[in-house]
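Each value in this text was obtained by applying a stated rule to the coordinates, not by laboratory testing. These figures come from a predicted structure and were not determined experimentally. For neighbour counting, all protein chains shown are included, and Cβ atoms are generated from backbone atoms with ideal geometry for every residue, glycine included.
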């Protein structure tokens, strides 16, 4: 009988569901895996696309995780100053075998002090904030630095999950999971990165964030300052 591998995803209001459901689908098929969706309570949480996700355990009741994952989303900004969330990440991250993130969830690991001195991926629009938490941003879909694994923006979480599945169960098991999920991406469009999208689309994407970016940057700076005071 396989030993249980406890894989925990932080969930929170306005999480980007694909950041966690993509990797969760892959990692749930790792032999012995038990996936936990962890939050302060078991009440349903609204995602950023308008449907809810149900936590399966609470911060207090969550077992020690082998894999800790922080997904991203617009709700990350509020969690940067949430003491309970950051305390949970710190406590679990200290003993977890792997400390991981998808998209701008890496900023949550940063605010918890878990990637200071590590390389990390992040969504392209948020990557430049990582140095405020002592992390080195890397432009890649998956980044590994010791026991820290991170995926870039949203869909790269699936690539991250296959990288981790290979670590946990071996290449052949990961290949069988890939076959079972028929993961064979062939996108009909070629605009999935700033380099491929072109300068005009990138500028329009950034402009769409202008109404709220000043507030976001202020909260990131405050989180970084709080972390520096704790060191």
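Summarising the strand pairing of the chain, around 20 percent of its internal DSSP beta bridges are antiparallel. Only one of [x] 73, 42, 26; [y] 52, 44, 35; [z] 68, 43, 40 was calculated from the structure for Cα extents along the principal axes in Å, and its label is [y].
GNM, the chain, Cα, under 10 Å: largest mean-square fluctuation among 146, 97, 127? Residue with maximal mean-square fluctuation among 146, 97, 127: 146. Taking the Cβ-Cβ separation of residue 64 and residue 230 as r and a Förster radius of 22 Å, what is the calculated FRET efficiency to the nearest 0.05? For residue 64 and residue 230, the calculated efficiency is 0.45. Quick one: compute the contact order of the chain, relative version, from alpha carbon pairs under 8 angstrom and 6+ residues apart, as a percent. Reported relative contact order: 18 percent. Does segment 68-182 classify as rounded, prolate or oblate by the C-alpha gyration tensor (a ≥ b ≥ c root eigenvalues; a/c under 1.5 gives rounded; else a/b over b/c gives prolate, otherwise oblate)? Here segment 68-182 falls in the prolate category.
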